Structures are given as C-alpha cells and as structure tokens.
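Here is the structure we will look at, set down as structure tokens.
The values are calculated or read from the model by the stated rules, or taken from the named source; none is laboratory data. Nothing here was measured: the structure is a model prediction, and the numbers come from that model. Heads up, the Cβs are rebuilt from the backbone with ideal geometry, glycines too, and the neighbour counts pull from every protein chain shown. Just the protein is used for accessible areas: all its heavy atoms, side chains included, with ligands, DNA and RNA removed. Shrake-Rupley method; radii C 1.70, N 1.55, O 1.52, S 1.80 Å.
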Amino acid sequence: QVQLVESGGGLVQAGGSLRLSCAASGRTFSSYTMGWFRQAPGKEREFVAAVSRSGGSTSYADSVKGRFTISRNNAKNTVSLQQNSLKTKGTGLYYCAATGRAVIATAAAEYDNWGQGSQVPVSS
C-alpha cells in the first residue's frame, strides 16, 4: 500500500497555469506507475495523465495533450502535474493514483491507491 496526498489546487483563471503535486509514503514509490485523474461535478472520474515507474514513458488524455505535463521524482517520492492554458471544462477534483502494474494504465479501475483529491476550479 502507498499513501498519497495531493497539494497545489486552487482557483485559477482560464488560460492560466497551475501545478499539482502528490506526495507518496509507504512502500517503494518507484515500484508504482502513477496517474492523475479528474472528476468534474456530476460526471465520472476520467483519466488525465500517467507516468511509468522510471518516468521514461508518459500518456495523456487527448483533451490535455500539449498543455499538461506529468513528471515524477523517485528520490523525493513525488509526482507532479503541470497544467498550462487551463480551460473552464478542466474544473474538477484532481486525484493522484498509484498502481503496481508495470505498464502505463489509463483506466481508473486499474489503480488501487488514491489520494483525497485537490480542487481545481477554473473561472472564465
């Protein structure tokens, strides 16, 4: 098991930038593939981005490609999500997640460790 705590959320204007961070504790962080998901009000949780155990491979939802960057620091047990050119439809609760799968996973059901979430309201 790994415990995850997100930080860095907050109100941001459309077109602005925000950086979310997730601190992990527990078992060896580098043994987990990490992901970010978001849940908009009244909608299901959706995949945003994921990064492999080493950080060498990443995957993004089409809606955020070119604007968001996921990265990890295995020495500090952290994973981050840099969000640029934010849009109002990006509003939601952003979750950090971890899975023991060796390959990048994009489905929420493939992750078994979740943080509490960090709110990111994007105003117009």
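Among the charged types (D, E, K, R) and open to solvent by less than 30 Å² (accessible area, probe 1.4 Å) - does that describe any residue in region 38-59?
Scanning region 38-59, I find at least one residue that is among the charged types (D, E, K, R) and open to solvent by less than 30 Å² (accessible area, probe 1.4 Å), so the answer is yes.
Quick check on Val5: is it aliphatic (A, V, I, L, M), open to solvent by 70 Å² or more (accessible area, probe 1.4 Å), closer than 19 Å to Gln119 by Cα and touching a strand residue (DSSP E or B) at 6+ places or on another chain (Cβ under 7 Å)?
So Val5 passes the test.
Restrict the check to region 69-77 and report whether at least one residue is open to solvent by 50 Å² or more (accessible area, probe 1.4 Å), within 22 Å of Gln119 (Cβ to Cβ) and either out of contact with any strand residue (DSSP E or B) (no Cβ under 6 Å at 6 or more places or on another chain) or modelled with pLDDT of 95 or more (or both).
Looking for residues that are open to solvent by 50 Å² or more (accessible area, probe 1.4 Å), within 22 Å of Gln119 (Cβ to Cβ) and either out of contact with any strand residue (DSSP E or B) (no Cβ under 6 Å at 6 or more places or on another chain) or modelled with pLDDT of 95 or more (or both), one finds at least one in region 69-77, hence yes.
Given (1) small (Gly, Ala, Ser); (2) open to solvent by 70 Å² or more (accessible area, probe 1.4 Å); (3) at positive phi, identify the lone condition not met by Gly26.
All conditions pass for Gly26, except number (2).
Condition check ((1) free of Cβ contacts under 8 Å to residues at least 40 places away in the same chain; (2) of a type in the set (Gly, Ala, Ser); (3) over 15 Å from Ala24 (Cα atoms); (4) outside any strand (DSSP E or B)) across all residues:
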{"position": "Phe47", "(1), (2), (3), (4)": "no, no, yes, no"}
{"position": "Gly56", "(1), (2), (3), (4)": "yes, yes, yes, yes"}
{"position": "Ser63", "(1), (2), (3), (4)": "yes, yes, yes, yes"}
{"position": "Gly66", "(1), (2), (3), (4)": "yes, yes, yes, yes"}
{"position": "Ser71", "(1), (2), (3), (4)": "yes, yes, no, no"}
{"position": "Ala75", "(1), (2), (3), (4)": "yes, yes, no, yes"}
{"position": "Leu81", "(1), (2), (3), (4)": "no, no, no, no"}
{"position": "Lys89", "(1), (2), (3), (4)": "no, no, yes, yes"}
{"position": "Tyr94", "(1), (2), (3), (4)": "no, no, yes, no"}
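Could we say that Gln119 is within 15 Å of Ser17 (Cβ to Cβ), in a strand (DSSP E or B) and of a type in the set (S, T, N, Q) here?
So Gln119 fails the test.
Please count how many residues of region 1-45 are in contact with a Pro (Cβ under 8 Å, 6 or more places away or on another chain) and part of a strand (DSSP E or B).
1
Does Val51 satisfy the condition of being touching a Lys or Arg at 6+ places or on another chain (Cβ under 7 Å) and not acidic (Asp, Glu)?
yes
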